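Single-structure report; data block below.
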Amino acid sequence: MSLIERLTDEFARLPGIGRKTALRLTYHVLRTPPQEAHRLADAIIAASERVHACSVCGSYTEASPCSLCSSPRRDRSIICVVEEGSDIAPIENTGEFRGLYHVLGGRLSPLDGIGPAELNIESLLARVREAEPVREVLLATNPSVEGEATALYLHRLIAPLGIRVTRIARGLPVGGDLEYADGVTIAEALQFRREL
Ligand SMILES: [Zn+2]
């Protein structure tokens, strides 16, 4: 395999990158000075080696616990449960939520072999039961079929513990992705959350 093919193959493995885009990225790298390629490669390696899951909430961080979990300014009585760490930034950007987060690392999807054991559910239950003075768990899994099923599953586990369980409101399009929703829609979904 030639070096051009090798690099193109690596780009094509990335999510959302088709063969054509991969080839375009390869030629972009070939045209740029070597120090720029080094900067890109170094950033990838440094992030991959030094960023890891927060021991409390499971989001990606260089420090553990992460800055959100260790902040004295956050409301520790409410935990917002999201599928992926990338869902936190759009919620934070709304300025509507001051609580803590918990990252599941995916959603229940039996067809893909993802059951409760594959998600960070045990650690969520441990936080709810022991570690924090939690009064409410806000389920902000995506409004897809799997996201709803995951929310219902968590509701059944958490509600019997005497904790308020809420779900973000439906302003978000069904089948949509929190990561791509606009700030106003997310802010409204947080404000008008409902009891589960
Ligand atoms: Zn954390």
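Points worth noting:
- For the range 53-94, a residue qualifies if it is assigned to a helix (DSSP H, G or I) and either of a type in the set (A, V, I, L, M) or in contact (Cβ under 8 Å) with a residue 40 or more places away in the chain (or both), and the qualifying residues are LEU68, SER86, ASP87, ILE88, ALA89, PRO90, ILE91, ASN93, THR94.
- Taken together, SER109, SER48 contain a single residue that is among the hydroxyl-bearing types (Ser, Thr, Tyr), at pLDDT 95 or above and either away from the ligand (no atom under 16 Å from the Cβ) or at positive phi (or both), which is SER48.
- SER71 being under 30 Å from ILE186 (Cα atoms) and surrounded by 12 or more Cβ atoms within 10 Å (Cβ to Cβ): yes
- Scanning the range 130-148 for residues that are of a type in the set (Gly, Ala, Ser) and either surrounded by 21 or more Cβ atoms within 10 Å (Cβ to Cβ) or closer than 12 Å to GLU83 by Cα (or both) yields ALA140, SER144, GLY147.
- Selection of the range 51-90 for residues being within 12 Å of the ligand (Cβ to nearest atom) and of a type in the set (Gly, Ala, Ser) yields ALA53, SER55, GLY58, SER59, ALA63, SER64, SER67, SER70, SER71, GLY85.
- Any hit, the range 101-114, residues being touching a Phe, Trp or Tyr at 6+ places or on another chain (Cβ under 7 Å) and in a loop (DSSP other than H, G, I, E, B): yes
- Contacts under 8 angstrom Cβ, first residue in the range 110-135 being more than 17 Å from HIS155 (Cβ to Cβ), partner of a type in the set (A, V, I, L, M) and assigned to a strand (DSSP E or B), 6 or more apart: GLU132/ILE79; GLU132/LEU100
- Hey, GLU118 over 14 Å from the mean Cα position of the chain (by Cα), among the acidic types (Asp, Glu) and away from the ligand (no atom under 16 Å from the Cβ) or not: yes
- Residue among THR8, THR21 that is at pLDDT 95 or above, more than 27 Å from LEU154 (Cα to Cα) and open to solvent by less than 30 Å² (accessible area, probe 1.4 Å): THR8
- When residues in the range 1-52 are screened for being assigned to a helix (DSSP H, G or I), closer than 23 Å to GLU84 by Cβ and in contact with a Leu (Cβ under 8 Å, 6 or more places away or on another chain), 1 of them pass.
The values are calculated or read from the model by the stated rules, or taken from the named source; none is laboratory data. Owing to the predicted nature of the structure, the values given are computational and were not obtained by experimental measurement. Note: ideal-geometry Cβ built from the backbone for every residue, glycine included; neighbour counts use all protein chains shown. When the accessible area is computed, the model is the full protein with side chains, heavy atoms only, and any ligands, DNA or RNA have been set aside. Shrake-Rupley method; radii C 1.70, N 1.55, O 1.52, S 1.80 Å.
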